[in-house]
């Protein structure tokens, strides 16, 4: 028997979440007021409109049954990113920071999905309020709007298990506490701790407090929005090393970071995905650093340090989908920047703030491929695929294979669409990978020195959709277009 769709609960949940967005928009309004900037009025109007919409959603959804099924869960998770971006673009548009609704929506979606692909040609000319709001959108989107809201939804009488399961990245999720709300609170506690720690260290290394806060929020979210036109190129080596280390930490599964802080460090180091992820960083840092050292022809100790710092930073920025830059890698030898481009596909760990495919999926595919060779040699043998010493269920393997196939199909379709919009083939591929992996940096004219200001309008709307699909890891969005979900 088909259960009635709980429409009121959708409105009620979205209303509650919009009130949370209003609160964070208020912080940007406060920053704008402190610096006495002309866009304060735009922030106030944006905040009021968002609050009214939130209260209206709560009003429509009052007395809704507290029953969240798969349909409601998937719809809420997909809609909240759209709704947050629609209201989140108001400060950009009303203040004049962007010259069109398309650009305002694009910049906001790039923020919330932590893609970091900006259309702003001169970031440093923007007000403190706008720069702070850009950082907040990435910080909210990093660990996940839903994960934050699940922690406080009980205040509104709402549950969050279906929402949490629909948004958390990777092939599985882990509950640190019996109550999912407590798990979400612990994750956000670690998230805030990492952010505050980075702010302090950057400030001690002479980055001004405002820039330290904005860069820390963007780093821990693995977003890539900077307050400077040249990203982190002009900052000191100490600051670059600090940001690289915190990007690396943010690419680790947050559940494992919690267990590490709860004095269970063995869980972190025993996790196979973490070992794949850290091993990849070490391996590719060595490859890129050696390539830079040789190609730069500066065979000195300082030259070796610079090559290592650049290799380590850019490897970590690419694999965690952060998108910061300390150099224009398009000036590297083609082998080096193609290597970096490959890392943009991979992503970091499941349950982290990074985008991309995730190393747990890559590990399962590689292990299953090797097992298939063994099965060919020993057709009667039962050879399971194991991860962390445990057999991986066939359903999980099927899920990973389906994910990769659809991931590739979305890339192919998007590349064709971008080419139809007049974008060059190389840039179309780079931009597509950047969007679906939520990386931000691309290749060609949209590399670290470029912006998407001149991107065709139609292509910008396509790219915002691909950003969302990539952030919610394909299935959550595409399932909404599946008739079987609504006939359940």
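Readers should treat all values here as calculations from the given coordinates under stated rules, not as data from a laboratory. Keep in mind that what you see is a predicted model, and the values were worked out from it rather than measured. Here the Cβ positions follow ideal geometry from the backbone for every residue, glycine too, while neighbour counts run over all protein chains shown.
Assuming a ≥ b ≥ c are the square roots of the Cα gyration tensor eigenvalues, decide whether the stretch 196-349 counts as rounded (a/c under 1.5), prolate (otherwise, with a/b larger than b/c) or oblate.
Oblate, because a/c is 1.5 or more while a/b does not exceed b/c.
Is the shape of the stretch 1-72 rounded, prolate or oblate, going by the alpha carbon gyration tensor and its root eigenvalues a ≥ b ≥ c, with a/c under 1.5 for rounded and a/b larger than b/c for prolate?
Verdict is prolate for the stretch 1-72.
Cα gyration tensor of the stretch 198-269, axes a ≥ b ≥ c as square roots of the eigenvalues: rounded (a/c below 1.5), prolate (a/b > b/c) or oblate?
prolate
Give the label of the value calculated from the structure for percent of Cα pairs over 30 Å apart, choosing from [x] 45; [y] 52; [z] 42.
Answer by label: [x].
First measure r as the distance between the Cβ atoms of residue 331 and residue 416, then evaluate 1/(1 + (r/R0)^6) with R0 = 22 Å and state the FRET efficiency to the nearest 0.05.
Calculated transfer efficiency: 0.15.
Rounded to the nearest 500, what is the chain's calculated 222 nm mean residue ellipticity when only DSSP H runs of at least 4 contribute -39500 (n - 2.57) each, over all residues?
-21500 deg cm²/dmol
How far, in nm, would the chain grow between residue 23 and residue 55 when pulled straight, counting 0.36 nm per residue and subtracting the alpha carbon separation?
10.2 nm
Between residue 266 and residue 401, what length comes free when the chain is fully extended (0.36 nm per residue of separation minus the Cα-Cα distance, one decimal in nm)?
Roughly 45.6 nm would be gained on extension.
If you rank 482, 219 by fewest surrounding Cβ atoms within 10 Å, what's the result?
Taking fewest neighbouring Cβ atoms as first place, the list is 482, 219.
Rank the residues 72, 372 as a footprinting-exposure proxy: fewest other Cβ atoms within 10 Å of their Cβ go first.
372, 72
What's the exposure ranking of 32, 236, 445, going from fewest to most Cβ atoms within 10 Å?
In order of increasing Cβ crowding within 10 Å: 236, 445, 32.
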